[in-house]
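For reference, the structure is listed below as structure tokens.
The values are calculated or read from the model by the stated rules, or taken from the named source; none is laboratory data. What you see is a predicted model; the values in this text were computed from it and never measured. Heads up, the Cβs are rebuilt from the backbone with ideal geometry, glycines too, and the neighbour counts pull from every protein chain shown.
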Amino acid sequence: MNSSKTITLIDGHFSSDDAFELLRNLYSSKIQFHQLKNFSSMERFGKEDKMAMERIPKLKESLESILTLMKEETIGESMIEIKSVVNISFCKISSTE
């Protein structure tokens with residue numbers, strides 16, 4: 001059975017300081033998640049978690065891009081609108097044996 005659900009994660013208007021903090025914390029949590037996942041793989045299996053190691057630089061690059069955009073575009077007391085959803089899909093994984 002394949003099913004999915006869309007959940008709103010962020011939907012609001014934020015001051016530039018709050019938007020900066022929100023996005024920085026969100027990305028930092030994702031980066032830390034992948035760092036811990038890689039650390040666990042190194043401890044348990046003696047090798048890096050390939051997917052985690054691919055995601056970390058991409059997340060850091062995305063964060064830098066967002067923060068640069070915010071610094072360039074934020075003027076005075078302007079508000080920043082941030083919307084984000086999480087799409088969750090459950091799908092059957094077929095065995096390749």
Extreme residue, surrounded by the fewest Cβ atoms within 10 Å (Cβ to Cβ), among residues of region 11-61 that are over 12 Å from the mean Cα position of the chain (by Cα), aromatic (Phe, Trp, Tyr) and more than 17 Å from ILE82 (Cβ to Cβ): PHE45
So LYS5, is it surrounded by 10 or more Cβ atoms within 10 Å (Cβ to Cβ) and out of contact with any Gly (no Cβ under 6 Å at 6 or more places or on another chain): no
Flag if SER94 is free of Cβ contacts under 8 Å to residues at least 12 places away in the same chain and closer than 26 Å to SER4 by Cα: yes
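Condition check: in contact with a strand residue (DSSP E or B) (Cβ under 6 Å, 6 or more places away or on another chain) and either modelled with pLDDT of 95 or more or not in a helix (DSSP H, G or I) (or both). Does ILE31 satisfy that? Before you say what the answer is, go through the steps one by one.
Numbers: in contact with a strand residue (DSSP E or B) (Cβ under 6 Å, 6 or more places away or on another chain): no; either modelled with pLDDT of 95 or more or not in a helix (DSSP H, G or I) (or both): yes.
No.
In region 7-27, how many residues are of a type in the set (S, T, N, Q) and touching a helix residue (DSSP H, G or I) at 6+ places or on another chain (Cβ under 9 Å)?
Going through region 7-27 one residue at a time, the tally reaches 1.
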Residue check for LYS71: surrounded by fewer than 16 Cβ atoms within 10 Å (Cβ to Cβ) and in a helix (DSSP H, G or I): yes
Number of the exception - VAL85 against (1) farther than 13 Å from ALA19 by Cα; (2) modelled with pLDDT under 95; (3) part of a strand (DSSP E or B): (2)
